[in-house]
Amino acid sequence: MKETSLSVLLATNRQPNSYTADLARSLAPHCQLTMGTDNFWLCLRRHDIVHFHWPEELFSWRNVTRQGLIDLRALLEGFYSDCKIVVTMHNVQPHYGDNPLFDDLYKLLFGFAHAVIHFGNASIQLYQELYSDVPRFQPKPLDHRMIPHQSYQQLLARIPKESARKSMGISEDRKLMVVFGSIRHEEEETLILDAFRAAKVPQKSLLVSNWKYFYKARRRHNPLLKIFYKLREVQWRRSQYAVFHHGLVSEDDIANYLQAADIVFIPRKKVLNSGILPLAFTFGKVVVGPDTGNVGEWLRNTGNPVFDPHSICSLGQAVESAYALADGGLGKKNARLALSDWLPENIAKQHMLLYEELVSRA
């Protein structure tokens, strides 16, 4: 790629998911890159591009105030008025957020944006439905650009499947469904258990990376119930029916979870995007997820199974289909996509092309 002197501020921080760090790493050779929400608020230097990801991250994810929105608007109208503003539409709104000012925050940033990056076409359509009437603070029409989520090539480790399973106490003959990533609410925990139980698959096992104990959470103040749930987990682990890991998985252990899997399940009822999809594709796994947003779009377009989150029958059938597709080699096809079109350097080129086009416009 032709070298550029563009100054780019990624107004985001490193996340438990390595997406932002990976994006920064792939962009850095091609521009003068600065990263971090603090660098946005401190106004230390001028930039050609200011690129936002999760708007609520500017306010430590939850602390949006009316004064904070006033301050943000003042910066966008003042210090950053000569910058080109880009927003990646990761979410429609924060997951399970209850602050009514979140909606105002999203509309404010979209109103100042010169371009919005989408991971799929479903996202563009959703934007038109929800934000087409947002007041515009830029003279030119908003540029909607579809750039896929990058793959996780740097996490690939050539760990044999049997070694990965041995490290977790799971036999080679088990049909393993892995749930990776955060479980955000009790309803997602219930979705996992419903899907797994409904699937008529012999020798099935469930491995969950970040179990939160949300299930029947309102009664968990009872110490006897806590003991009951813990004993049930021990029983499931011994029978290899289910293995639950509590807390975040270290980056070094991610490959073990993905290499051990036969299929990967995305436990969301309503979701726009999920980094689990490109992560699982990177490792050559079949993915089953909800038929919503860009997740449903990518799964359907690549032949991976989708489910209706409100139908237990649909959940079971999707999981059964995923196992059959895994046996048929669909995972290898998923990996070819992730390790070609979705390579970080290819995604960086698409970002840089957008940045350069925006800056070149009068």
> Rolling a 1.4 angstrom probe over the protein heavy atoms, how many square angstrom per residue are accessible across the stretch 1-152?
Replying inline: 45 Å²
> Under a Cβ-Cβ cut-off of 13 Å, what is the net charge of the residues other than Gly275 that fall near it, where Lys and Arg count +1 and Asp and Glu count -1?
Replying inline: 0
> For the stretch 126-193 and the stretch 259-278, what is the separation of their C-alpha centers, rounded to whole Å?
Replying inline: 5 Å
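Measure off, as a whole percent, the carbon and sulfur share of the 1.4 Å-probe accessible area of the chain, all protein chains present. Mind showing how you got there, number by number?
Values: 8550 of 16460 Å².
Answer for the chain is 52 percent, counting heavy atoms of protein chains only.
Relative contact order for the chain using alpha-carbon pairs under 8 Å, separation at least 6, rounded to a whole percent?
Details: 615 pairs, mean separation 59.9, N = 362.
RCO, the chain: 17 percent.
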>> Please list, ordered by chain and number, the residues whose modelled amide H lies under 5 Å from the amide H of Tyr152; skip anything fewer than 5 residues away on the same chain.
In response: Thr282
>> For the stretch 20-57 and the stretch 66-114, what is the centre-to-centre distance using only Cα atoms, to the nearest Å?
In response: 15 Å
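Tell me whether the stretch 46-120 comes out rounded, prolate or oblate; compute the Cα gyration tensor, take square roots of the eigenvalues as a ≥ b ≥ c, and use a/c under 1.5 as the rounded threshold.
Details: a/c = 2.20, a/b = 1.21, b/c = 1.83.
Verdict is oblate for the stretch 46-120.
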> Once amide H atoms are built 1.01 Å from N in the peptide plane, which residues 5 or more positions from Ala242, or in another chain, come under 5 Å H to H?
Replying inline: Leu206, Arg237
> Once you list every other residue whose beta carbon is under 12 Å from the beta carbon of Ala113, what net charge do they have if Lys and Arg are +1 and Asp and Glu are -1?
Replying inline: +4
> From the phi of every residue in the stretch 282-297, what ³J(HN,Hα) in whole Hz does the Karplus formula 6.51 cos²θ - 1.76 cosθ + 1.60 yield, where θ is phi - 60° and glycine or proline is x?
Replying inline: 4, 8, x, 10, 6, 10, 10, x, x, 7, 9, x, 5, 4, x, 4
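Using the beta-carbon distance between Glu251 and Arg184 and R0 = 25 Å, what value does 1/(1 + (r/R0)^6) give for FRET efficiency, to the nearest 0.05? Please report the intermediate quantities before stating the final value.
Working: r = 21 Å, r/R0 = 0.82.
In this case the efficiency is close to 0.75.
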> Suppose R0 equals 41 Å; then what is the FRET efficiency for Gln203 and Leu353 from their Cβ-Cβ distance, rounded to the nearest 0.05?
Replying inline: 0.25
>> Give me the net charge for the shell around Asn39: Cβ to Cβ below 15 angstrom, other residues only, Lys and Arg +1, Asp and Glu -1.
In response: 0
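The values are calculated or read from the model by the stated rules, or taken from the named source; none is laboratory data. Quick caveat: nothing in here was measured; it's all calculated off a predicted structure. Cβ coordinates were reconstructed from backbone atoms using ideal geometry, including for glycine residues, and neighbour counts include every protein chain displayed. To get the accessible areas, we keep the full protein, side chains included, count just its heavy atoms, and leave off ligands, DNA and RNA. Shrake-Rupley method; radii C 1.70, N 1.55, O 1.52, S 1.80 Å.
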